[in-house]
There are 2 protein chains.
Amino acid sequence: MPIDREHVLRSAAALLTRRSTATMDEVARAAGISRATLHRQFAGRDALVRALEELGIQECEAALDAARLDEGTARDAVRRLVREFEGAAGLIAFLYTENQLFEGEEQNAGWARVDARVAALFRRGQESGEFRIDLTPAWLTEALYGLCASGAWAVSEGRVAAKDFQYMIVELLLGGALRREGS
Amino acid sequence: MPIDREHVLRSAAALLTRRSTATMDEVARAAGISRATLHRQFAGRDALVRALEELGIQECEAALDAARLDEGTARDAVRRLVREFEGAAGLIAFLYTENQLFEGEEQNAGWARVDARVAALFRRGQESGEFRIDLTPAWLTEALYGLCASGAWAVSEGRVAAKDFQYMIVELLLGGALRREGS
DNA sequence: CTCTGATGAGACGTTGACGTCTCATTCGGG
DNA sequence: CCCGAATGAGACGTCAACGTCTCATCAGAG
């Protein structure tokens, strides 16, 4: 039975989320395996990061599926989406910043799919009249990623309680800081 | 006449904002000086990053001063603050993610000052009844940084127009994605 | 002009992480 | 019990970036 590749990826994600410059040696030790075995599974650091990218995309698409974005009001769909994203928030934060490093190269096609589905949700909310139309879906998508990353870091450094993660993000994203006059 | 240290810092900031892993050699060439001269001014990469941190803190504090956070409504103060932050957004993005790398070490005391002033603004808005009280000032502060970083990246990759930077951030931060029923 | 100090170009050694390799050990199936 | 495949430990060479150093050049002050 081969070593649990899934487990290696999980622990690598957990470690690289906290310290994105961690060594292959540290990654291996975090997974409880030797560096040699780590290299037997992933040809190199690039391969590992790419595998993590695939994992992140899978998690995001699973979250998108689980959130059933087409059902109910757009705002409830956003709430469900953020809830589903929470588990992958650290991984998203890692990959989101990691992607800034690739200047020219085109990014993994999977992200385009994820982006498109998230943006479609915001567009649906705009067309139904729930969301304001002066904030573009592309920006709302970007902001969602950014807030997830900020939230994950804030939680990991104790500036925000873990149990508030979802609430803080959803409420800020949907309602903003201003008090509502009406509802 | 010594080389314009300010200019070196500016170009280093511009480069590292786009690619945070840029080489000392690239930093030097971007500034139009030789690697030797770069090392004569900054003992090493650490020193350079720390100098950039100081620069970022200065820019933030200058922005905080210019925004006159105590005057007028809190929401207008936030608008002014984001406007003043725009020029430093790339640098903020770089330093914000860079800070995630220092796990245990305490961060530069300057950030604590900046954080405190930003958080105080949000707290003022809460006490005046403008802002909702279920989002903590610490989280709003964090979210502001995160949105600035997301905005800077989105602009640099063409997903958001540069002229919309300020508007997108302020409107999302203050008002959120939902349409207002009342005003 | 001359002297001084700063600069650019580049060589040099060091370091840390990487990727490969070997070999002993271990674990599980037959 | 025995065998083979997978693992762990670690040695080894490679490489890129770093930091230091030297030296020729250049510009400006006196």
key: Using θ = phi - 60° and Karplus 6.51 cos²θ - 1.76 cosθ + 1.60, couplings along the stretch B:16-32 (whole Hz; Gly, Pro as x)   = 5, 4, 7, 9, 6, 9, 4, 6, 4, 4, 5, 4, 4, 5, 4, 7, x
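Can you tally the net charge around B:Ala74? Count Lys and Arg as +1, Asp and Glu as -1, for every other residue whose Cβ sits under 14 Å from the Cβ of B:Ala74.
Details: positive: A:Arg179, B:Arg68, B:Arg75, B:Arg79, B:Arg80, B:Arg117, B:Arg123, B:Arg124, B:Arg132; negative: B:Asp70, B:Glu71, B:Asp76, B:Glu127, B:Glu130.
In short, +4.
Quick one, can you get me the convex hull of the C-alpha atoms of the stretch B:53-93 expressed as volume per residue in Å³?
Details: hull volume 2.2 nm³, N = 41.
Output value, Cα hull per residue: 55 Å³.
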query = Relative contact order for chain A: what is it in percent, counting Cα pairs under 8 Å that are at least 6 residues apart?
reply = 21
key: Solvent accessible area, Å² - A:Met24, 1.4 Å probe, full protein context   = 30
request  = May I ask which residue of chain A has the beta-carbon nearest to the axis carrying chain A onto chain B, and at what distance in whole Å?
outcome  = A:Gly176, 2
query = Using the C-alpha atoms of the stretch A:1-42, what convex hull volume per residue, in cubic angstrom, is computed?
reply = 58
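To two decimal places, what compactness ratio does the protein assembly as shown give when its Cα radius of gyration is scaled by 2.2 N^0.38 Å?
Working: Rg = 21.1 Å, N = 366, 2.2 N^0.38 = 20.7 Å.
Working it through for the protein assembly as shown, the quotient is 1.02.
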request  = Report, in whole Å, the centroid distance computed from the Cα atoms of the stretch B:154-171 and the stretch A:66-138.
outcome  = 17
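Which whole-number percent is the relative contact order of the stretch B:67-175 (Cα, under 8 Å, 6+ apart)? Could you put the intermediate results ahead of the total?
Numbers: 80 pairs, mean separation 38.5, N = 109.
Once normalised by length, the contact order is 35 percent.
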ask   = B:Ser20: accessible area at probe 1.4 Å, nearest 10 Å²?
value = 40
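When the helices in chain A are scored as -39500 (n - 2.57) per DSSP H run of 4 or longer and the sum is shared across all residues, what 222 nm value do you end up with, to the nearest 500 deg cm²/dmol? Don't jump to the answer; show the numbers that get you there.
Details: 9 runs with 124 residues, N = 183.
Theoretical 222 nm ellipticity from helices: -22000 deg cm²/dmol.
So how do A:Thr136, A:Thr21 rank on accessible area, 1.4 Å probe, biggest first, that is with the largest at the start? Walk me through the numbers on the way to the answer.
Working: A:Thr136 55, A:Thr21 85 Å².
Most to least solvent-accessible, the answer reads A:Thr21, A:Thr136.
For the full complex of protein chains and a 1.4 angstrom probe, list A:Thr23, A:Thr97 by accessible area with the highest value first.
On the way: A:Thr23 70, A:Thr97 30 Å².
So, going from the largest accessible area down, we get A:Thr23, A:Thr97.
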query = In Å², what does the accessible area per residue of chain A work out to with a 1.4 Å probe?
reply = 46
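Highest mean first, what order results for A:63-72, B:73-82 on Cβ atoms within 10 Å? Show your work: numbers first, answer last.
Working: A:63-72: 15.0, B:73-82: 20.0.
In decreasing order of mean packing, A:63-72, B:73-82 become B:73-82, A:63-72.
Find the eigenvalues of the gyration tensor of the Cα atoms of the stretch B:67-175, then list the square roots of 5 times those eigenvalues as equivalent ellipsoid semi-axes, largest first, in whole angstrom.
Taking √(5λ) for each Cα gyration eigenvalue gives 22, 20, 12 Å.
DSSP loop (so not H, G, I, E, B), at most 15 other Cβ within 10 Å: list which GluC sites (Glu not before Pro) in the stretch B:121-183 pass both filters.
B:Glu157, B:Glu181
Sum up the charges of everything whose Cβ sits under 13 Å from the Cβ of B:Arg50, counting Lys and Arg as +1 and Asp and Glu as -1, but leave B:Arg50 out. Write down the numbers at each step before the final one.
On the way: positive: B:Arg45; negative: B:Asp46, B:Glu53, B:Glu54, B:Glu98, B:Glu105.
My count for the surroundings of B:Arg50 gives -4.
Please list the equivalent ellipsoid semi-axes of chain A, computed as the square roots of five times the alpha-carbon gyration tensor eigenvalues, in descending order and whole angstrom. List each step's numbers first, then the result.
On the way: eigenvalues 220, 61, 40 Å².
The equivalent ellipsoid of chain A has semi-axes of 33, 17, 14 Å.
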task = Give the nm distances, rounded to one decimal, from B:Gly110 to the matching residue in every other copy, measuring between label points 7 Å along Cα toward the beta carbon; shortest first.
result = 3.9
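Please list B:49-59, B:115-125 highest first by mean number of surrounding beta-carbon atoms within 10 Å per residue. Don't skip to the end; give the middle numbers.
On the way: B:49-59: 17.8, B:115-125: 19.5.
Result, highest mean first: B:115-125, B:49-59.
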ask   = Along Cα→Cβ at 7 Å, what distances in nm separate the B:Arg45 label point from those on the other copies, shortest first?
value = 1.0
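Counting pairwise Cα distances across the stretch A:23-122, what percent come out greater than 16 angstrom? Before the final figure, lay out the partial values.
Numbers: 3115 of 4950 pairs.
Cα-Cα pairs of the stretch A:23-122 separated by over 16 Å account for 63 percent.
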request  = Could you rank B:Tyr167, B:Tyr96 by how accessible they are, 1.4 Å probe, largest area first?
outcome  = B:Tyr167, B:Tyr96
inquiry  = Using a label point 7 Å beyond Cα on the Cα-Cβ vector, give me the inter-copy distances for A:Thr73 in nanometres, one decimal, shortest first.
reply    = 2.4
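The values are calculated or read from the model by the stated rules, or taken from the named source; none is laboratory data. None of the values given here were measured: they were computed from a predicted structure. Quick reminder, even Gly has a Cβ in these numbers, built from the backbone with ideal geometry, and neighbours come from all protein chains shown. Protein only, heavy atoms only, side chains kept; ligands, DNA and RNA dropped before computing areas. Shrake-Rupley method; radii C 1.70, N 1.55, O 1.52, S 1.80 Å.
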